[in-house]
Amino acid sequence: MLDWLDAFLISGLFGVVQIIGLGLLVHLQMGLTRVANFGVAGFWGLGLYVFGILYGKVDWPFGDPWQFLVCAIAATAASALAGLFVAWLISDLDVDGALVGTLGFATVIFLLATAWSDLTGGAAGLGGLGFPYDAGPAKTNEFIWFVLTTAIVAGILAYVLWVHRSPYGRLLIAVGTNEPLARSLGKSSTRAKLTLFTITSGMMGLLGVMQAVMFRFIIPANVTINITLAALAGLILGGITRAWGAVVGVLFTVALFDIVIQFYVPLPQEWYTQAIPVAREAIFGLALVLVLLFRPKGMLGEMKRPQLMRRIHDFK
Amino acid sequence: MKDTGRGVGVVGDDTPQETAPTPTSDAPGTASAPTADPAGRQRPAWAIPLLAAAVVAIGAFVSEFIAESLVIGATENAPLVLAALGFALLYRLNGLLNVAFTETVTLGGYFAIWITSTTGWGFAAAVIPAGILSGLLSVATYLLVFRPAKKRNVDGLELIVISFGLALFLRHALQFVFGFRARFFETPPPNTIDVLGVGVPSFRLLAVASVAVLSFAIYQFIRRTSYGLQIRALASNEGLAESSGVRPLNVTLLIWFVAGFAGGLAGAFFGVASAVTPLLGTRQLLLILLVVLVGGIWDLLGVVWVGAATGIALTAMTLWLGSDLWAQLILIVLFLGLLKTRGGRLTAGSKV
Amino acid sequence: MTSSERTRAEIHVRGAKKSFSGRTVVDVDELVLGDSAVEGLLGPNGAGKTTLMRMIMHSIPLDEGTVTLHKRDGSTITLSELPPHQMVSNGVVKSTQVVSDFDQLTILDSLLLALATPGDESPIRWKAERELAKKHEEEIRHQLDRFGFGNPNEVAGSAGEKKLLDIVRCLLLKPDVLLLDEPTAGLPDDITQLVMSAVRELALGGTSVVIVEHDLEVIWELCDEVTFMAEGRVLMKSDPETIRNNSLVVEKYLGADHA
């Protein structure tokens, strides 16, 4: 079974789906509500590590799948709480303050993962994780997990599409485009940001859980700013204000490098160890600069409220 | 991962501070206490001199701790102050939070290595040229990226993302020029100079001197020259300054050059203390940001003082806890707490 | 509390002072707004009218004094202690003086935004959009027709359209007290008439309306009572006719040729 599928391809596709998921969530935060979040790696990494520690280091009186579910829910909740806390921290700050607050949070998570080695395994890493089921060969297990993760990301996409069609999304856009005016209409922008960060950070934590299980091993190098910037590069290339922006953009960035170039372009073998991964980051960076300079709304362009409203309402 | 360029093991092989003293380690003077102690308990008359000896010992230990924290903290973290100063120039005078500034720091390190290895000069001779190259790089990023961005009215969130993108690009593109691996200076080991009983490598004193000279020069320049007047006019009210014809491109380019110069020096000093890696500057980003935001409550000199205080606190905590990671962690949490309590005033005040 | 129920909500300003860099901009001992249906606030530039309005909304903090709201049900609340976004839930609404809009949102979006309650805006309420539109369908159609907006599915284009949209958003909030800061500035005459009739209608329904306006015709036509301010102080408050013929007002504001 699954002979046609390369094991590395599964993990490549898994990575693409992860970044799409993160990009979709960043779209809600930065695209609609325009709250800077440069600490995506922190929320994602918190879910990753809380799950890893609970699953790998605690003696649970019950086995899988309950052990997985309990740990996954706890990790998601931890990230959600962290999101609430960070949103509170930055709620009355401008974009510079939000940058420092979110980046600071992510750095705290990274430093904890490195320094608290009794708990996290430090730089050596944390193992002892596995799939909450056993369907035979490792590749089959990984494939099932990839499908599950894809389903979760599809769920996130569905939620984002719903947000665009809901009064909640309208509130987020209003806060993002003109916060003082939204407040003068009686909208509590602080409350909107707190709920937004709680939900989206929880989702990021859940994606971290999925990552932990897929690779069964966690190191602090997993949770650096590079994952934040990969999500951001994809989202901005696709279109930061558009629901499908992250999907389209990540296909042209992460998928292009990690799938197409890795598997289908014949390049000298020695390039794959360092030259390509380094070039990948350089090109992501360049893409961010060029897109924001020359096509700031990305490939999909402006938010298309008129078309959307025409489709869901019949006021003329 | 985070410990290159800082921490406790970089003072020099022959100095006694190589291992971090903790409250339990032997300090001079306490060695005689264990033998005298039982006697002291039997004969109370001895207690007073013993107590005095203990006080002296603790005092010696504490003063040693303070001296070490001050000397190591101020000298080892002088590059941080330089980097924060450069960052603050752009932030306060050009209103730009430029994340890519950290790459002028990184490249300063690479430039210095390149100069020493191609010319055979010593480190001290390579510092200024490396700073100049970084300054030119900084000017180039302004002309190629940030000036076009301003002209296209890219602002706020998008401008910060652009600077993140530029940083990401430079940090990785440079590896195709200078190689993927960490690089080390092939200069002879530096002399160690005794400061308050703590051995300090000569290049660190050079770094401190650079901070002093550069911050004094920048301060004087901004306060006392006509260019400085224009810079201040530009910073306090861009529109007004522009309409009264103050904004010659030269003023802005000069700010970017000096900022890059300070960053390049910082990178060279960071690099000579351990190694030059692509992540050299990025690792300092958060500390720089925190120092600039908090120090910016006052003015540019505030950035220097807060930077120096941060360096000393970092070293003191590292010596005390025996781990630079926990020291950084505590410092970041403290700064974030400050950020919250000072609220919007902190960021608002930082831009002139 | 039935004895203290009133027909209109009132705002009481007491000892309110505000100065900017040493210059006193507002210094109002005692002012009651809302004791008549539509009140005008008149005065030369720099009289402190806009600042006073912002102080009432607590978007500018007071140096001294209090602003209290006496609701129709007889209860009282101190507005000068509330955060700005809680004004609306207490029935106090103000239009914006400068033209201000949500860049990405369509006209219909704006109306639905004004109509939505925190419950509608829950991040997990599945059918909220449909329910919201259905519940307010008639009202939305009524406002769209009345003011002759073009296509409600477009973003408001001209400054006039944005201004009008701002007023309509305020109307939809069904305020007990509505503060209008130069509502008709920049609007064409026919639209000005429409806005005035909408305001009158609202006032008949029990809303206390306070208007700052430089178009004097609007003030004389619309207001039941006029407060005259100059140099941050309330100089007099009376019916439009008296104000119009008062020598002080003529001297300070209207100019000799007006009378």
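Table for the structure above
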quantity	calculated
For segment A:122-132, 3J(HN,Hα) per residue [Karplus equation, 6.51 cos²θ - 1.76 cosθ + 1.60, θ = phi - 60°, Hz, x = Gly/Pro]	x, 5, 6, x, 10, x, x, 9, x, 6, x
Along principal axes, Cα extents of segment B:70-282, largest first, whole Å	54, 40, 30
Label-to-label distance, nm, for residues given as C:LEU248 and A:LEU69 (7 Å Cα→Cβ offset)	7.7
Ellipsoid equivalent to segment A:7-312 - semi-axes via the Cα gyration tensor, in Å	31, 24, 19
Karplus (6.51, -1.76, 1.60) ³J(HN,Hα), θ = phi - 60°, over segment C:75-83, in Hz, Gly and Pro reported as x	6, 10, 9, 8, 5, 6, 10, 8, x
Rounded FRET efficiency, nearest 0.05, which uses the C-beta distance separating C:GLN86 from C:ARG233 and R0 of 30 Å	0.55
Efficiency of FRET from Cβ geometry, B:TRP305 and B:ILE128, R₀ 41 Å, rounded to 0.05	0.95
Likely footprinting exposure, C:LYS163, C:LYS252, A:LYS193, C:LYS134, fewest C-beta neighbours within 10 Å first	C:LYS134, C:LYS252, A:LYS193, C:LYS163
Charge dipole magnitude, Cβ of K and R +1, D and E -1 - the protein assembly as shown, Cα centre, debye nearest 20	960
Gap separating the Cα centres of segment B:127-176 and segment B:210-224, nearest whole Å	24
Too-long pairs where the Cα-Cα distance tops 26 Å, listed order kept, from A:LYS304/C:LYS162; B:LYS150/C:LYS94; C:LYS71/C:LYS237; A:LYS297/C:LYS94; A:LYS297/B:LYS150	B:LYS150/C:LYS94; A:LYS297/C:LYS94
Helix runs (DSSP H) in chain A reaching 24 Å along axis by Cα, Kyte-Doolittle at least 0.5	A:7-26, A:40-57, A:66-90, A:95-115, A:138-164, A:189-215, A:275-294
Interchain or long-range residues, amide H under 5 Å from C:SER19's placed H	C:VAL25, C:ASP63
Most fluctuating residue given options C:THR96, C:THR242, C:THR51, as computed from a GNM of chain C linking Cα atoms under 10 Å	C:THR242
Long-range HN-HN contacts of C:ILE211 with modeled amide H, under 5 Å	C:GLU39, C:GLY40, C:LEU41, C:LEU180
Under Karplus coefficients 6.51, -1.76 and 1.60, residue-wise ³J(HN,Hα) of segment B:202-209 in Hz, glycine/proline x	4, 5, 5, 5, 4, 4, 4, 4
Max mean-square fluctuation residue, GNM over chain A, Cα-Cα springs under 10 Å, options A:GLY245, A:GLY97, A:GLY186	A:GLY186
Paired Rg and Dmax values of segment A:157-316, which use every Cα atom, in angstrom	19.0, 62
Neighbour-count ranking [beta-carbon atoms within 10 angstrom, fewest first] of A:VAL108, A:VAL147, B:VAL291	A:VAL147, A:VAL108, B:VAL291
Least to most buried among B:SER134, B:SER69 (fewest other Cβ within 10 Å first)	B:SER69, B:SER134
Choice from A:ALA231, A:ALA221, A:ALA212 with maximal GNM fluctuation in chain A (Cα, 10 Å cutoff)	A:ALA221
log₁₀ of I(q)/I(0) at q = 0.08 Å⁻¹ - chain C, Debye sum with one point per alpha carbon	-0.33
Kirkwood-type radius of the protein assembly as shown, with distances r between different C-alpha atoms, in Å	31.4
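Any read-out appearing in this document is the output of simple, stated calculations on the displayed coordinates, not a laboratory observation. Predicted, not measured: the structure shown is a model, and the values here were computed from it. Methodologically, a virtual Cβ is constructed for each residue, glycine included, from the backbone with ideal geometry; neighbour enumeration extends over all protein chains shown.
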